[in-house]
Amino acid sequence: MLVTALAVALVPLVAAPAAQAAPPVDLGPNTIVFDPSQPIEEIQATVDAIATQQVPAHFGEDRYALLFKPGTYGTPENPLRFEVGYFTEVAGLGQDPGDVVINGAIEVYNQCLPVPEGAPANCIALVNFWRSLSNLTIQYAAGDADGCRSSANFWAVSQAAPMRRVNVTGANLSLMDYCTAGPQYASGGFIADSTLPFVVSGSQQQFLTRNGSVAGWSNSVWNQVFAGVQGAPATDFSPVVGEPKYTTLDTTPVSKEKPYLYLDDAGKYNVFVPAAQKNSSGASWATGSTPGKSIPLSRFFVAKPGDSAARINSALALGKNVLLTPGVYHVNRTLNVLWPNQVVLGLGLATIIPDNGVVAMQTLDVPGIDIAGIMFDAGTTNSPALLQLGTKLSSLDAKLKKPLLSSANNPTAVQDVFFRIGGEAVGKATQSLVVNTNQTIIDHTWAWRADHGTGVGWDVNTAETGVLVNGNDVTATGLFSEHYQKYNVIWNGERGRTIMFQNELPYDPPDQASWQHDGVNGWAAYKVGDKVKVHEAWGMGAYIYTNVNPTLHATRAYEVPVTPGVKLHNVLTVSLNAAGTIDHVVNDTGDPVTPTFAGPSTVLEWPVP
């Protein structure tokens, strides 16, 4: 909840009619809808007050959606500039990104963490998680920003901080904050369906940019991946330490953009569901409105924190879609998504916590489901899984001449769906995401067994696997899975594809005996099932940092069957901060990374030519 002093400042700004025109539907108290007719000073005061609260709220319980109605906000002389903190979604409510124009900047800066007296500053973006920006245009305007801050729109983030459907003009976009004291590290991110100016990647260790355009790109560190991005740098994945690490695909084989809330010409709320695309490049809206379908909000159950699982399930059973307004939802029974083409969309990183060890959400084996913009936070009683797509019946689909349970033209998709095991409190879940459905798209997920925060420890926040894929023809674009105690990813389905994978192995095994199996030290980050015949992946990074016991080894980072149809392109390993060893990259191939040789160690092609 709001701290007392801030509440006094913020409540009048949120509640007063002059500061916010009431939306025609109730989107919850933490959905703030701005109108271009409002005085820019009032908008500025509101977004600044929320930023003051949320920028340091690493494990806070508040969730916010800051939504802008179509129109123009700010001017070059009097711009709207603000920061985006934790658990905050900023989005335009237009049909297309050009319908909402921000003259100013929407930014994320480094956080300067506490250090002992006399120690060097520790200002980083490594923990800038859980926030988003989408569906608007930023016409950069510096206003009274100082010299360094006037040089770029800064978006210094790491995992689970997507930028989608954004058009940035007037200055560079910087994915690192070079204006704040160092070391200025950033670790991974995701941009999709956007048109961008020159991008300063800087200290970003890994990043996926998908379907859009860039005017130019600088820096690569370990693993920069582009798919369907016009103007992207050419593939150059040098095995030499310190040289470029770019992986570029001209097109994205299959994609489906995230559904989004918008206002139509009559001022009514709708949710737009983009159509699936094949072999695509560029932003979906670059030459006209994004293809897809519009669903009126009247066909949604608009849920609010405190609504029971039974009430949400009743709406789902009747065929309603669900819009989760910002907040935390405790569920004492599984939420069941039953119908083809149902949409479950979260605003403001709406968070679902399963009680009593239930699976938080499960779907039936039907096509076209979209689950987007949601965090699943494990409860204190172990859940077998947090989100399960489909049942074991999905295997029947591959045997039918005319599949009934899935469709290549109407795939099920999850977009910006995040998982957390511990950190805010003790959490336990055997698996986070289980994909039993075929023809499924995983578009940006971060499965995270917490390495810091509350409720963290080898025997405390227990979790075996981040992502388990049993379905066939599943594609992952932006797959992040970290710190799980066994395989971080297991891929058993045929014809799977991953474009950009990022992993850190668990920090906290106490000894080698606790972290080994079948005569193998540790567990691989990415395991392709032994019976799989066809699988392909591009741009993969796995890192080790065993800070509890720096002597630990993982025998390999990637474990795959030796068969011509299983192909990996541009994969690497790194040992971080002189803590831990990965003996091989893929199976028994690739040089070790060790406390004395951090790497990267690379395998450019598997099978090795």
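The numbers here are math on the coordinates, done by the rules we state, and not lab data. Predicted, not measured: the structure shown is a model, and the values here were computed from it. Please note: Cβ atoms are built from the backbone with ideal geometry, for glycine as well, and neighbour counts cover all protein chains shown.
Summary of computed values
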| read-out | value |
| --- | --- |
| Positive minus negative residues near Glu504 (Lys, Arg vs Asp, Glu; Cβ under 14 Å) | -2 |
| Net charge over other residues, Cβ less than 13 angstrom from the Cβ of Pro592 (K, R count +1; D, E count -1) | -2 |
| For the stretch 271-325, the Rg and Dmax computed from alpha carbons only, in angstrom | 15.4, 44 |
| Residues whose placed amide H lies under 5 Å from that of Tyr185, excluding near-sequence neighbours | Ala125 |
| Alpha-carbon centroid distance for the pair the stretch 433-478 / the stretch 84-107, whole angstrom | 28 |
| Among beta bridges that DSSP assigns inside the chain, antiparallel share in %, nearest 5 | 15 |
| Vicinal HN-Hα couplings computed from phi for the stretch 219-232 (Karplus, 6.51 cos²θ - 1.76 cosθ + 1.60; Hz; Gly/Pro x) | 6, 9, 6, 9, 6, 9, 10, 10, 9, x, 10, 6, x, 5 |
| Whole-Hz couplings from phi, Karplus 6.51/-1.76/1.60, listed for the stretch 485-496; x for Gly and Pro | 8, 10, 4, 6, 9, 10, 10, 9, x, 7, 6, x |
| Helix-only CD estimate at 222 nm, as mean residue ellipticity for the chain, using -39500 (n - 2.57) per DSSP H run (n ≥ 4) | -2000 deg cm²/dmol |
| Environment charge at Trp448 (Cβ cut-off 13 Å; Lys +1, Arg +1, Asp -1, Glu -1) | -3 |
| Interchain or long-range residues, amide H under 5 Å from Gly590's placed H | Val585 |
| Long-range HN-HN contacts of Ala141 with modeled amide H, under 5 Å | Gly104, Ala105 |
| Using a Förster distance of 22 Å, the FRET efficiency for Phe59-Cys112 (Cβ separation, nearest 0.05) | 0.75 |
| Cα gyration tensor category, rounded, prolate or oblate, for the stretch 145-238 with a/c compared to 1.5 | oblate |
| Partners for Lys258 among aspartates and glutamates (Cα-Cα distance below 17 Å; same-chain residues under 8 apart left out) | Glu89, Asp96, Asp193, Asp370, Asp416, Asp443 |
| Residue-by-residue Karplus 3J(HN,Hα) for the stretch 317-324, coefficients 6.51, -1.76, 1.60, Hz, glycine and proline x | 5, 7, x, 5, 7, 10, 10, 8 |
| Added length on full extension, which subtracts the Cα-Cα distance from 0.36 nm per residue, Cys148 to Ala317 | 55.4 nm |
| Options (i) 1.03; (ii) 0.94; (iii) 1.05 - which one matches Rg/Rh (Cα atoms, Kirkwood Rh) as calculated here | (ii) |
| The stretch 45-59 versus the stretch 519-588: alpha-carbon centroid distance in Å | 39 |
| Among beta bridges that DSSP assigns inside the stretch 4-256, antiparallel share in %, nearest 5 | 5 |
